[in-house]
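The block underneath contains the structure these notes are about, expressed in C-alpha cells.
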Amino acid sequence: MNILVTGGAGYIGSHVCLSLLDAGYNITVIDDLSSGQKKLIPDKVEFIQANINDTNKLNKLFQKKSFNTLMHFAGFVQVEESVKFPEKYFNNNTKNATILFETCINNGLKNIIFSSTAAVYGNPNKELIHEGATLNPLNPYGESKVQTENKLIKMQKNNNFNYIILRYFNVAGADPKLRSGLISKKPTHLIKIASQAAIGKLNSVTIFGNDYNTHDGTAIRDYIHVSDLADIHVKSLEYILEKKQSKILNCGYGKGYSVKEVLDTLNRVCNNKIYIKYGNRRSGDAVSLVSNTNQLMKTISWTPKYNDLETILKTSIKWENKIQNEKIL
Ligand code: UDP
C-alpha cells in the first residue's frame, strides 16, 4: 500500500517513515528541504523534492502511482518565528496545506492524517485537556493549525474521504536505534536544549519563569517519545483504513512534568551536571498542557513503549552525542 508523506525529512515525519517501513508500507516523501534534512529520509523511501503547493508535480505523481493515504507533516513549527512572521505560517501551514488536500482529494485519495498540535488549545484552565476543549491558540502557529483543521473538517463534509487530526503534545527523544532525531540550527525545545547542555555543547539551561501557579513554579508539559508518536500514526492509519471514520485525537501520555522536574531528571541520568539559570517567562507560553488520553486509547490499540522521562532524555542525549561526533550541523 502506497502512503504519501509530506515533510518526511523532518523530525517527526522521518520517525513516522521508519515506523511505516517497519510495518510494511511503501512510502513516497515530498519535502522541499526548507527545514528538513535529506539524510533523515530512510533509504527505502521514494523522495521527491517539491513544495506541497506544487500541484503540477503532485498531479504527475498521482498519474504514476495511486496513493491510499496522505500523512501531512510539512509545516513550520517555531512559535516565536510565527509571532514575527505570521503570514509565513498562514501561507504555508494553512493555504498551502489546503492546496495539498484539494490536489489529493481531486486525485481520488481517501484518507488524510494531519499533524496538529496542543498549541491549538492555548492556555486551558484544566488539568487534563480533552479534544472537545475550546480552541484558543496563543500565537499564529497555533492559529494556523486551527484554521487548517477547520478547512479539513469542512472539506470532508463535501467530499468522499476521511481524516484523522493528531494533536501532538511535547514531542521529544530520538529513535532508539539512532536512525533519526531532532536536527535544529536554533533549538527552542527544552529537551533538545537540555540535551545539548548535557553533552557540554551549551553551558547552562535557563528556566523560563518559576512564578507559575504550579507545584514548583515552573510550567508543566506532557512529553511524548517521538517513536511512540510515530507508532500512533501507524495505528491511526490502521484505524482509518478499517473503520473509515474521521477522528481528532490528542497525542500524549497524560502525565505532566514541570521544567524543573525535567532538568532534575536529566541531572540524575547524565554524568555532566547541567547548570540551571532562572529567567523571565517566555511570551505566549501556557502554564500547563497535559493530554486527556481517553479518546486516543479508546480509538486505537496503542501501547506506548517509551513512556518514561528518563528514556526520552537518554535517547535525546545519545542522539546529540551522535550528531556532535559525526559533525551533523
Ligand atoms: N523552556 C525553558 N527553557 C528553555 C526552553 C523551554 O524553561 O530553554 C520551557 C518553556 O518555557 C515551556 C517548556 O519548557 O514551559 C516546554 O517548552 P518547549 O519549547 O520545549 O515546548 P512548547 O511547550 O513551547 O511547545
*Cβ pairs under 6 Å, 6+ apart, first in the range 95-115 and more than 14 Å from residue 150 (Cα to Cα) and of a type outside the set (A, V, I, L, M), second assigned to a helix (DSSP H, G or I) and open to solvent by 20 Å² or more (accessible area, probe 1.4 Å)*: 103/55; 107/62
*asked:* For the range 153-192, which positions are under 18 Å from the mean Cα position of the chain (by Cα) and among the basic types (Lys, Arg)?
replied: 167, 179, 185, 186, 192
*What are the residues in the range 58-98 that are part of a helix (DSSP H, G or I) and within 18 Å of residue 3 (Cα to Cα), if any?*
58, 59, 60, 61, 62, 63, 64, 97
*asked:* Being within 16 Å of the ligand (Cβ to nearest atom), more than 17 Å from residue 104 (Cα to Cα) and out of contact with any Pro (no Cβ under 7 Å at 6 or more places or on another chain): is that true of residue 79 here?
replied: yes
_the range 189-198 - residue that is within 26 Å of residue 42 (Cβ to Cβ) and either at pLDDT below 95 or near the ligand (Cβ under 9 Å from one of its atoms) (or both) and, of those, most open to solvent (accessible area, probe 1.4 Å)_ = 189
*asked:* Here's a check for you: in the range 262-283, which residue that is within 11 Å of the ligand (Cβ to nearest atom) and within 24 Å of residue 228 (Cα to Cα) is surrounded by the most Cβ atoms within 10 Å (Cβ to Cβ)?
replied: 262
_With within 14 Å of the ligand (Cβ to nearest atom) and either open to solvent by less than 30 Å² (accessible area, probe 1.4 Å) or in a strand (DSSP E or B) (or both) as the only criterion, which of 184, 236, 180, 144 stands out?_
184
*Could you please find all residues in the range 239-261 being more than 13 Å from the ligand (Cβ to nearest atom) and in a helix (DSSP H, G or I)?*
239, 240, 241, 242, 243
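The values are calculated or read from the model by the stated rules, or taken from the named source; none is laboratory data. Just so you know, these numbers come straight off a predicted model, no measurement behind them. Virtual Cβ from ideal backbone geometry, glycine too; neighbours counted across all protein chains shown. Note: areas computed on protein heavy atoms with side chains; ligands, DNA, RNA excluded. Shrake-Rupley method; radii C 1.70, N 1.55, O 1.52, S 1.80 Å.
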